[in-house]
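So the structure is just underneath, and the comments pick up after that.
Coordinate-derived values only; no laboratory data. Please read these numbers as outputs of a predicted model, since none were measured by experiment. Here the Cβ positions follow ideal geometry from the backbone for every residue, glycine too, while neighbour counts run over all protein chains shown.
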Amino acid sequence: MKENYHLCFTSHSEVMFRDGEDHGMFLNLLALRSYADGTEYMADAEMSNHVHLDAFTDCPMKNASLLRMSYTKYFNHRWGRRGRMGEKYTYIQKVSGFNHRMVLDNYILRNGLHHCAAATPWGYEFCSVRELFPRDLGFAAEPFADMSRNEIAGFLPRYAKFPDEFRMNRHGFFERRSFMEFRRVEQLYATPRNFLYQMNRLTDESWVREQAKDNTGKPLTLNDIERADEKSVATMLSNEYGRNFRPDKLQDIDVCRLIDKDMLPSFGATSVYQLTPSQKQRIARTLKYDFRLPESQICRCLVY
């Protein structure tokens, strides 16, 4: 029987997405996985080193494992990398009850805000938050590209199977609204006004009290969703105010672009995975002293 699950997989030692093409290909593989096993995706957020999904499925472990495997295969082929990507296990948590589901989707849709990648939930690009109530909130959807099935197939892995209703944009990536279940998520929030309220409210004890009404067990908290230590969770709660976001601060995707486009050519390399330890050290020094980047970010983006 299908039920809602929170799926999360992480890669703390290196980024999972180096550019927009990686993000787009993940959406393509997400769509193909949805069609392959009937999983209905409600919400998603792809941060640089972890992914959150609300999946309605009867095979959460299989779905998550095959999705990770297909994306890792793509990423390794593109960047000349080898081995498993990220931590060994996928975090899977069943979510039952109206308020539990709303809290899960609230956390997923506001992930960019929690990680200070944007000043509002809608400011983060690689997330499904802009797909909900788009007309009411003024988000114009990019038109589907006029592509034949053969043209669409050209952007996908060989022998990929997909239905006619899965449509792509001009960049060759499936649009979320063509394969994700946004109508059901909008029914959860009921109105655009309530959706705005949920996206802007601060996390507090009222979230726990509301979930108690479901009588379905332990309430979901930010600690559960992020599986982070108390210091990290406190930082995320502080980020909810939006004041910590700095538009001039380089995000991981900006640092990867700086490395891949501007720095690698001088070493005759096309991927960070081709660099020698001494070459990485030279780039790391430049990032640290010229761009004032924190060591943790340098290590993630440089795989150092």
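For the residue pair Arg158 and Ala140, what label-to-label distance in nm results when each label sits 7 Å from Cα along the Cα-to-beta-carbon direction?
4.1 nm
Which whole-Hz couplings ³J(HN,Hα) result when phi for each residue of the range 207-215 is put into the Karplus expression 6.51 cos²θ - 1.76 cosθ + 1.60, θ = phi - 60°, listed in order with x for Gly and Pro?
5, 5, 5, 5, 5, 4, 5, 6, 6
I'd like the distance between the alpha-carbon centres of the range 189-232 and the range 19-75, rounded to an integer number of Å.
Cα centroid of the range 189-232 versus Cα centroid of the range 19-75: 23 Å apart.
Just to check I understand the Karplus step: with θ = phi - 60° and J = 6.51 cos²θ - 1.76 cosθ + 1.60, what whole-Hz values come out for the range 265-275, glycine and proline as x?
3J(HN,Hα) across the range 265-275, in whole Hz: x, 5, 9, x, 10, 10, 8, 5, 6, 9, 6.
From the cross-link list Lys2/Lys88; Lys2/Lys94; Lys88/Lys261, which pairs have alpha carbons spaced over 19 Å apart?
Over 19 Å apart, Cα to Cα: Lys2/Lys88; Lys88/Lys261.
Could you run the Karplus curve 6.51 cos²θ - 1.76 cosθ + 1.60 with θ = phi - 60° over the range 231-236 and give me ³J(HN,Hα) per residue in whole Hz, x for Gly and Pro?
Whole-Hz 3J(HN,Hα) from phi for the range 231-236: 5, 5, 5, 4, 5, 4.
For the range 3-239, what is the charge dipole size about the Cα centre, in debye to the nearest 20, if Lys and Arg each add +1 at the Cβ and Asp and Glu each add -1 at the Cβ?
Taking the Cα centre of the range 3-239 as origin, the dipole is about 520 debye.
Which residues' amide hydrogens lie under 5 Å from the amide hydrogen of Tyr41, considering only partners 5 or more residues apart or on another chain, with H built in the peptide plane?
It is Phe56, Glu181, by chain and number.
Around Ser128, which amide H atoms from residues at least 5 apart in sequence, or from another chain, sit under 5 Å from its own amide H, with H modelled in the peptide plane?
Asp44
Could you tell me whether the chain comes out rounded, prolate or oblate from its Cα gyration tensor? Rule is a ≥ b ≥ c as square roots of the eigenvalues, rounded for a/c under 1.5, then prolate if a/b exceeds b/c, otherwise oblate.
Because a/c hits 1.5 or more and a/b fails to exceed b/c, the chain counts as oblate.
Extension gain Ser271-Asn223, at 0.36 nm per residue separation less the Cα-Cα distance, in nm?
13.8 nm
Using a basic spin-label model with each label point 7 Å from the Cα along Cα→Cβ, how many nm lie between Glu210 and Arg257?
With each label placed 7 Å out from Cα toward Cβ, I get 3.5 nm.
When a/c is below 1.5 the answer is rounded, else prolate if a/b is larger than b/c, else oblate, so apply that to the range 1-146 with a ≥ b ≥ c taken from the square roots of the Cα gyration tensor eigenvalues.
In terms of gyration-tensor shape, rounded.
Can you tell me which of 216-223, 186-193, 68-75 comes out highest on packing, and rank the rest after it, using the mean Cβ neighbours within 10 Å?
Going from most to least packed, we get 68-75, 216-223, 186-193.
Per 0.36 nm of contour for each residue apart, how much would the distance between Ser148 and Thr286 grow if the chain were fully extended, relative to their Cα-Cα spacing?
My answer for the length gained is 45.1 nm.
Can you list the residues, at least 5 places off or on another chain, whose amide H is less than 5 Å from the amide H of Val95, using H built in the peptide plane?
Long-range HN contacts for Val95: Asn4, Tyr5, His6.
Once Lys and Arg get +1 and Asp and Glu get -1 on their Cβ, which of Pro247, Trp122, Gln198 lies farthest toward the positive end of the dipole of the chain?
Towards the positive end, the residue furthest out is Pro247.
To the nearest 20 Debye, how big is the dipole of the range 252-302 about its Cα centre, given +1 on the beta carbon of each Lys and Arg and -1 on that of each Asp and Glu?
Details: 8 positive and 6 negative charges, 29 e Å.
Result for the range 252-302 is approximately 140 debye, rounded to the nearest 20.
With labels modelled as points extended 7 Å from the Cα through the Cβ direction, what inter-label distance (nm, one decimal) is found for Met1 paired with Lys249?
Label-label distance for Met1 and Lys249, simple model: 4.5 nm.
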